[in-house]
Amino acid sequence: MTLQIPFDNSYATLPERFYTRLDPTPVAEPALIRLNAPLARDLGLDPQALSAPEGVAILAGNRVPQGAAPLAQAYAGHQFGGWVPQLGDGRAILLGEIVAPDGRRVDLQLKGSGPTPYSRRGDGRAGLGPVLREYIVSEAMHALGVPTTRALAAVTTGEWVYREDKLPGAVLTRVASSHIRVGTFQFFAARQDIDALKTLADHAIARHYPDAAQADRPALALLEAVVARQAALIAQWMGLGFIHGVMNTDNCSVAGETIDYGPCAFMDAYHPETVFSSIDQFGRYAYGNQPQIAVWNLAQLATALLPLIDTAQDRAIELATAAVHRFADLYAERWVMIFRRKIGLAGEEPEDADLVQALLSLMAQNGADFTRTFRALSHLTDAPGRDEPARAEFTDPTAFDAWAADWRVRLAREARPEADRQADMRLANPAFIPRNHCVEEAIAAAHQGDYAPFERLVTVLARPYDDQPEATDLQAAPQPDQVVRQTFCGT
C-alpha cells in the first residue's frame, strides 16, 4: 500500500535565511509504538498505510515522502530571561505542510530526528520518556479543549540516547498549526533584517490571522490578535492547573497553541508557587507567574514588530504598548469566566472573582488537590450536609465548610436547577488529568518494554470529563512515595 501525503508547503517558499534544508537522520531499527489513527483520518491520511513499514520509515525519518520539503527552522529567543541570538530546531525537522479535508493547514514535524545546524553540540535525538510524555500530555490537552500541538505518532529508533542515563531513543511526529514562534520574529529583529521581518509577518498573517491584512496597520493587528489568543490560552492553563515549565519566547507560538511539552506538569496539591521544571531554579515559570510571563513574552514580540507598526518609533512604541496592555483585561475576563463555570455560576456578579480567590487561598493553605477539589465540587448539592468528598481534600475541612456556605448563598441567587449546574460543572472540571506519577509510571514500564500503562493512560485521558469507574486509580492523588517533585526537559 502506497502512502500518499498531500503536501502543500508554504514555509519552504520563504527566503533561505528562514531555515536550513536537510533530511532527517535515519535510525537503526524503527518500530511503531502508537499511531493516532483518529488524528490521521482528520488530516486525510490513511492510518493503515502510516502503520505499514513504509509509513513507519517516514515517521522515523528513514524515508522522505514524496512532496515533503524537510527543513529546520531558524529562530532566537529569551531563555529564562536571558537573550540567545540563535536557537532554531536543534532536534526537529519540519517535513512539510498539509491541508486537511476541513481546510486547516498544519505542519508535520519530526521531533528527535537527528542533528541540525542549530543543535549546539547536541545529538538531535529524543529519549523515549520525553516522547511519551509529550504524546500523553499534548493529546490530553486536546481532549481538555486547550489549543495545542498534537501527537500523530511515536516510534522507537533501536538506538540509545545519552542524558543522565542511557535511554532508548524515540521520534515523535508532531502536528501544529505552525511552528512560528515569538522567537522567530526576534531572530530577524535582532539582525535588523526588516525585509525578512515583513515577510514573516505577512506569512503569519496569511496563515493565522487573515483579517489583519485588511487593517490600517497589519503588524499591529497581528500583535493584537496574538495577545488575545495568548490571554485565552493562559487562562485555560490556569483553569486546569497546568504548568508549562519553560515559557521561553522560543516556546511561545504566535498561533496561540501550547507548544513544546518539556518539563510540563499538572499540579496535584494547589499552590500558586508550584514549580516542577528541574531547570527553573528560581520559579520564574511557576504556576502563578504564567500570566505575567505571557505579558513579558508578548512585549518581546511587540518590540520585534516595532519597525512594521509605524515608521515613527515613538508612535510605534505607544501603539504596541497599548496592544500588550490589553492582555490584562482580556486574561482577567477569560479567567473569571472559566472559574465561574468551574464553581457552577451561570450569571455574573462583581464579587465572583473574590469567591473564587477565597477558595483557591483555602486550597493552598490546606493542601487541597486542584483537580479533585473542583471535580468533587461539581457533585455537591445545593443544600449543605453532604459535602464529602470535597471536604476530604482539605486538611481542615471546616475551612471548606465556611466557604461552601458563601458559595451556596451565591448559587441561590441564580435559582438554577441543581442537575443543570452539576452537569455544566462536570464539563468544566475534568475527572482525569495526566497526573505526574501516572505519566512516570507509564514511562518506566515502557522502558521495560511494557506499553500497556501508556496505552491505558492515553485511552482514559481521551475522555477526561467522563466518569470512568474502571479507571478510578488514575484519578487518585499520589501517595507520599509517588509524588513527582521535578520534571525534565529531555534535551
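Can you give the local net charge around ILE443? Use residues other than it whose beta-carbon is closer than 12 angstrom to its beta-carbon, Lys and Arg +1, Asp and Glu -1.
Summing Lys and Arg as +1 and Asp and Glu as -1 gives -3.
Counting every Cα pair in region 267-323, what percent are over 18 Å apart?
49
Along the three principal axes, how long is the chain when you take its alpha carbons, biggest first, rounded to the nearest angstrom?
66, 61, 43
Compute the Cα gyration tensor for region 1-111, then decide on rounded, prolate or oblate, letting a ≥ b ≥ c be the square roots of its eigenvalues: rounded whenever a/c is under 1.5, prolate when a/b is larger than b/c in the other cases, and oblate in all that remain. Walk me through the numbers on the way to the answer.
On the way: a/c = 1.94, a/b = 1.59, b/c = 1.22.
Judged from the Cα gyration tensor, region 1-111 comes out prolate (a/c at least 1.5, a/b above b/c).
I'm a student and want to see the number: the projected area of the Cα convex hull of region 113-180, averaged over all directions, in nm².
Values: hull surface 21.3 nm².
The number I arrive at for region 113-180 is 5.3 nm².
How big is the convex hull of the Cα atoms of region 86-216, per residue, in Å³?
It comes to 138 Å³ per residue, whole-number rounded.
So, how do all the Cα-to-Cα distances of region 258-400 break down into 10 Å bins, in percent, from 0 on up?
It works out to 10, 29, 30, 19, 9, 3, 0, in whole percents.
Would you kindly work out the equivalent ellipsoid of region 176-321 from its C-alpha gyration tensor and give its semi-axes, the square roots of five times the eigenvalues, largest first in whole Å?
Largest first, region 176-321 gives 29, 15, 14 Å.
Using amide H atoms built 1.01 Å from N in the peptide plane, name the residues 5+ places from THR148, or on other chains, whose amide H lies under 5 Å from its own.
Hits under the 5 Å cutoff: THR258.
Using only Cα atoms, locate the centre of region 157-211 and the centre of region 214-229, then give the distance between them in Å, rounded to an integer.
20
What whole-number distance in Å separates the alpha-carbon centres of region 64-126 and region 346-369?
For region 64-126 versus region 346-369, the Cα centre distance is 41 Å.
Residue by residue, what Karplus-based ³J(HN,Hα) values in Hz, rounded to whole numbers, does region 434-449 have, using 6.51, -1.76 and 1.60 with θ = phi - 60° and x for Gly and Pro?
Each residue's phi maps through the Karplus curve to give x, 5, 4, 5, 5, 4, 5, 5, 5, 5, 4, 5, 4, 4, 9, x Hz.
If you roll a 1.4 Å probe over the heavy atoms of the protein chains, what accessible area per residue do you get for the chain, in Å²?
That works out to 40 Å² for each residue.
Please go through region 92-192 and write out the GluC sites (Glu not before Pro) that DSSP classes as loop and that have at most 12 other C-beta atoms within 10 Å.
GLU164
Using Cα pairs under 8 angstrom and six or more residues apart, how large is the relative contact order of the chain, in percent?
Relative contact order, the chain: 14 percent.
Report, as a whole number in µm² per second, the diffusion coefficient that Stokes-Einstein gives for region 1-54 at 10 °C and 1.306 mPa s using the Kirkwood radius over alpha carbon pairs.
Once the numbers are plugged in, D ends up at 114 µm²/s.
Between region 391-423 and region 437-491, what is the C-alpha centre distance in whole Å?
So the two Cα centres are separated by 30 Å.
Excluding LEU330 itself, what net charge comes from residues whose Cβ is under 13 Å from its Cβ, given Lys and Arg +1 and Asp and Glu -1? The partial results should precede the final answer.
Values: positive: ARG229, ARG326, ARG334; negative: GLU224, ASP329, GLU333.
My count for the surroundings of LEU330 gives 0.
Scale the Cα Rg of region 348-491 by the rule-of-thumb value 2.2 N^0.38 Å and send over the ratio, two decimals. Please report the intermediate quantities before stating the final value.
On the way: Rg = 17.6 Å, N = 144, 2.2 N^0.38 = 14.5 Å.
Taking the Cα Rg and dividing by 2.2 N^0.38 Å, one obtains 1.21.
If you build the Cα gyration tensor of region 309-353 and take the root of 5 times each eigenvalue, what three semi-axes come out, in whole angstrom, biggest first? Please report the intermediate quantities before stating the final value.
Working: eigenvalues 250, 13, 7 Å².
Equivalent-ellipsoid dimensions as semi-axes: 35, 8, 6 Å.
Summarise the long-distance tail of P(r) for region 48-129 by giving the % of C-alpha pairs beyond 15 Å. Present the calculation step by step, with values, prior to reporting the outcome.
Details: 2173 of 3321 pairs.
Tail of the P(r) past 15 Å holds 65 percent of the pairs.
Compute log10 of I(q)/I(0) for region 419-491 with the Debye formula, placing one identical point scatterer on every Cα and leaving out solvent, at q = 0.15, 0.25, 0.26 Å⁻¹, to two decimals.
Debye curve over Cα of region 419-491, log10 I(q)/I(0) at q = 0.15, 0.25, 0.26 Å⁻¹: -0.59, -1.20, -1.24.
Local charge sum around PRO70 (other residues, Cβ-Cβ under 9 Å, Lys/Arg +1, Asp/Glu -1)?
Working: positive: ARG21; negative: ASP23.
Neighbour charge sum, excluding PRO70 itself: 0.
The values are calculated or read from the model by the stated rules, or taken from the named source; none is laboratory data. Quick caveat, the model's predicted, so the values are computed rather than measured. Backbone-built Cβ (ideal geometry, glycine too); neighbour counts: all protein chains shown. Note: areas computed on protein heavy atoms with side chains; ligands, DNA, RNA excluded. Shrake-Rupley method; radii C 1.70, N 1.55, O 1.52, S 1.80 Å.
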